[in-house]
Each structure stands twice: as structure tokens, then as C-alpha cells.
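> Below: one structure in C-alpha cells.
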Amino acid sequence: MLNIVLFGPPGAGKGTQSERLIEKYKLIHLSTGDILRGEIAAGTELGMKAKSLMDKGILVPDEVVIGMIDSKINANAGSKGFIFDGFPRTIAQADALDKLLSGKNSSITMMLALEVEKDELVRRILHRGKDSGRSDDTNLDIINKRIDEYNNKTAPLKEYYSQQNKLNVIKGVGGIEVIFGKLCEAIEKQV
């Protein structure tokens with residue numbers, strides 16, 4: 001089973017690249033952002049709680065996210081693997097994911113980490129905000145808070161996966177096809 005953590009700050013291109021990787025490798029996309037937005041659109045209690053936190057640039061609690069991931073994995077048990085997009089975000093989540101997968105006789109194959117400079121991230125997110133309808137994509141203060149939250153809480157995951165020899169750093173700038181080629185090259189080297 002090919003299990004990839006697609007990693008990078010907000011605006012790094014994870015959504016764009018995950019679509020291409022899913023198609024090429026026939027993987028199931030597990031995007032906590034998409035799962036949460038689905039809950040918000042459905043107007044569920046979880047969705048409303050998540051929206052309140054997301055609008056402030058605050059992460060949704062681990063136990064909620066882990067439970068959603070477990071349900072999605074169970075619903076797709078016969079798949080070729082998963083792309084984890086936007087998850088894990090903390091060392092505690094990575095450890096919980098490792099334990100969850102181990103209980104299913106599986107593990108993370110690799111982390112693909114997209115790296116992009118902050119000015120470019122802000123530019124991309126503001127541009128995306130023109131079409132996305134997401135309030136957190138149009139407010140510069142919230143965008144900066146999301147990037148800072150990533151740098152403070154999420155970036156340490158690179159070291160976590162590096163210690164497991166699963167880290168692959170990819171420069172997330174240039175054409176979409178060029179970046180995709182670099183991601184595929186990293187996958188082919190490890191599988």
C-alpha cells in the first residue's frame with residue numbers, strides 16, 4: 001500500500017498536485033480540509049464548530065480529525081493507498097496516524113514536502129481567495145496567522161519523517177507539470 005503525506009504550508013500547491021498524484025497512482029485522497037468543508041456545507045455540529053475555529057485560523061482538535069481519518073480509511077480499506085493532504089499537522093497527529101495505520105497492518109510510505117517562500121504563498125492564497133469563497137483566503141491577517149501556525153506547529157513534522165527516512169523535500173515553485181514530475185520521481189525512487 002502506498003501511503004503518502006503531502007506536506008507544505010497553505011498555498012504550496014498540495015491540492016493541485018494531489019489531484020494529479022491520485023489519478024496517476026490510483027490513491028484515495030484524504031484531505032482534512034475537504035472533509036471539514038463537507039461537514040460545514042452539510043451544516044453539522046462538527047462543521048459549525050470547525051468553521052468557527054478555521055475562520056480564526058485555529059486548527060481543529062486532534063481527536064476529531066483522527067476519528068474522521070479512521071472512518072475514511074475504513075470506508076476505503078481495499079484501496080491501493082492514500083494521500084494525506086493537510087494531515088498530520090503536528091507530531092502528536094503523526095504519532096496517532098502511525099498507530100492507527102499500524103493497527104491496520106500499514107504505515108506511511110513517505111512524506112512529500114513542498115517548500116515555497118512566504119511572499120509567494122501569500123500571493124497564491126490571495127489569488128485563490130478571489131474564486132474560493134473562503135473568508136480565510138481573503139484576509140491577510142488570517143493568511144499570515146495560518147502560515148505562522150504552520151511554521152510553528154507543523155513544520156517540525158519534516159524532522160519526524162526525516163528520522164524515519166521518509167522525507168522527500170520538493171521545491172514547490174515553477175510550472176505545475178515540473179513540480180509534478182519531481183513528486184513522481186521521488187515516489188518512484190522509494191517504491
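> Can you tell which of 97, 15, 46 lies farthest toward the positive end of the dipole of the chain, using +1 and -1 charges on the Cβ of basic and acidic side chains (Lys, Arg; Asp, Glu)?
15
> Rounded to the nearest percent, how much of the accessible area of the range 25-121 (1.4 Å probe, protein heavy atoms only) is carbon and sulfur?
53
> In 5 Å bins starting at 0, how do the alpha-carbon pair distances of the chain split up by percent?
1, 7, 16, 21, 22, 18, 11, 4, 0
> Take each of the peptides 89-102, 66-79, average the number of other beta-carbon atoms within 10 Å over its residues, and list them starting from the highest.
89-102, 66-79
> So what's the net charge close to residue 6: Lys and Arg +1, Asp and Glu -1, counting the other residues with Cβ under 9 Å from its Cβ?
After counting each charged neighbour, the total is 0.
> Let me ask something else about it. Find how many whole Å separate the alpha carbon centroid of the range 127-187 from the alpha carbon centroid of the range 87-114.
Going from one Cα centre to the other spans 17 Å.
> Moving on to the next point. Defining a contact as two alpha carbons under 8 Å apart and six or more residues distant in sequence, what relative contact order in percent does the range 72-191 show?
In percent, rounded to a whole number, it is 32.
> Can you send over the solvent-accessible area of residue 128, 1.4 Å probe, protein chains only, in Å² to the nearest 10?
Taking all protein chains as shown, residue 128 has close to 90 Å².
> In addition: Just going by the charge dipole of the chain, with Lys and Arg at +1 and Asp and Glu at -1 on Cβ, which of 160, 173, 138 is farthest out on the positive end?
173
The values are calculated or read from the model by the stated rules, or taken from the named source; none is laboratory data. Because the structure is predicted, anything quoted here is derived from the model rather than measured. Backbone-built Cβ (ideal geometry, glycine too); neighbour counts: all protein chains shown. Note: areas computed on protein heavy atoms with side chains; ligands, DNA, RNA excluded. Shrake-Rupley method; radii C 1.70, N 1.55, O 1.52, S 1.80 Å.
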